[in-house]
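Asks: Take this structure first; my questions come after.
The values are calculated or read from the model by the stated rules, or taken from the named source; none is laboratory data. Note that the structure is a prediction, hence the values are computed from the model and not measured. Heads up, the Cβs are rebuilt from the backbone with ideal geometry, glycines too, and the neighbour counts pull from every protein chain shown.
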Amino acid sequence: MTASIIAMALPSFRRIDRAAVLACVALALVGWSSLLVPSLIRSIEPAFNQTDAGIGVFFFVNAIAYVSGSMLGGVLTERIGRRVILPMALVLITAGLAGMAGAPSWSLFLVAAVPLGLGAGAVDGGTNGLILDLYPSSRGRSLNLLHLCFSIGSLGSPLVVGRLVEIGVGWQSIVFGTALVAIPLALLLGLADQPSGRHVHAGPAGSVRIGLALPLVALAIAIACYVGSEVGVSHWLVRYLDSASVGLATSALALFWGGLTIGRLMSAKIGDRFDHARFAATAALVAGVTLAGAVAAPSLEVSILLFALAGVAYGPIYPLIMAVAGDRYPGRSAAVSGFLAGTAVIGAILYPPVMGLMSVSVGLGAAMAGAAALAGACALVLALIARGTFNGPRATAS
């Protein structure tokens, strides 16, 4: 289904666009995998005699690996090319998931989070750079469609996983089954025609200018705040709705990601009609306000509805931030997308694990309110970017 959506929606489906379709499927797999542990949290914790704090450690280890994979993947792509890096990333995802499924102890489960995070991060940054190179004249639309696929994977994961757990399927089988999907996808990506992403550096000064450019740093702060907020909600929503059944809690998580899917689909249609930074700032502000309402809601039903609406607002933010970067640095798609995908995960490194600690001290309600505040901070930075506060020299291709 994901491939057919992209084949119809991406502009001028040429032969080279097969790589774009495969990239979308790969990011959908990353989205699915990212929701496995949150969806299976009630099964994994007793299996290893862990608490929410232990799961927070897993999120931290996985996020550190993810940011490393994103940044390292961008650097290696500029030297080796996507045809090597993207398949290698999918092999790492397979190894990580298989290791998690077969881990006999919590320590080895945490170790398996490393290759999973490395591979997922490299796929994230690599596919963003690929789409930026393929569709330079419609970045907002194309990146929203790419991340629509991430949302589809994240939407399907809790829906399917919740039903499988309810009928008695073991969590290890679910994780291992996901690992098998990445193998043929790696082979297909290795064979697909695609822009290499390789970059010949004019000199060390060019690389420093990209890395230290104030507009890019501001975008990195905005995307880190967004990811800390969105991933925090996504990772902990099932636990936050602890009073609900497993089926209802996982359905609420699916509704949240369903909202993200709708938001990205809508943004794909209209995103390029507006200034990308202003559009993203507005979406982040609405997301923060709606999320705060979900935490303060008087009933479970209203709270679930507001979480879903917050998902709609969250949807366009990440791809639009990538689009702003692509507009400003058109000649360095691999490096810029890898850098932003990596710094984005700093938010996931810092905040979702802290939410686990807050859960056992002040409660998840306060942690969810903090996620709303992060969305507001993202909106503020994006608004300043839209006003030109961080204007600086634009980078060009060598």
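Asks: Out of curiosity, is Gly117 modelled with pLDDT of 85 or more, in a helix (DSSP H, G or I) and touching a Phe, Trp or Tyr at 6+ places or on another chain (Cβ under 6 Å)?
Replies: Working: modelled with pLDDT of 85 or more: yes; in a helix (DSSP H, G or I): yes; touching a Phe, Trp or Tyr at 6+ places or on another chain (Cβ under 6 Å): yes.
For Gly117, the condition - modelled with pLDDT of 85 or more, in a helix (DSSP H, G or I) and touching a Phe, Trp or Tyr at 6+ places or on another chain (Cβ under 6 Å) - is met.
Asks: Need at least 1 residues that are at pLDDT 85 or above, small (Gly, Ala, Ser) and within 21 Å of the chain's Cα centre (by Cα) per element, so show me which helices (runs of 4 or more DSSP H) inside segment 234-347 make the cut, counting only ones lying wholly within it. It would help to see each step written out before you state the result.
Replies: Details: elements: 246-270, 276-296, 300-314, 317-328.
In segment 234-347, the matching helices (runs of 4 or more DSSP H) lie at 246-270, 276-296, 300-314.
Asks: Can you report the number of residues in segment 96-111 which are assigned to a helix (DSSP H, G or I) and either surrounded by 18 or more Cβ atoms within 10 Å (Cβ to Cβ) or without any contact (Cβ under 8 Å) to a residue 24 or more places away in the chain (or both)?
Replies: We begin by selecting, within segment 96-111, every residue assigned to a helix (DSSP H, G or I); these are 96-102, 106-111.
Then drop every residue that is not either surrounded by 18 or more Cβ atoms within 10 Å (Cβ to Cβ) or without any contact (Cβ under 8 Å) to a residue 24 or more places away in the chain (or both), which leaves 96-101, 107-111.
Final tally of qualifying residues: 11.
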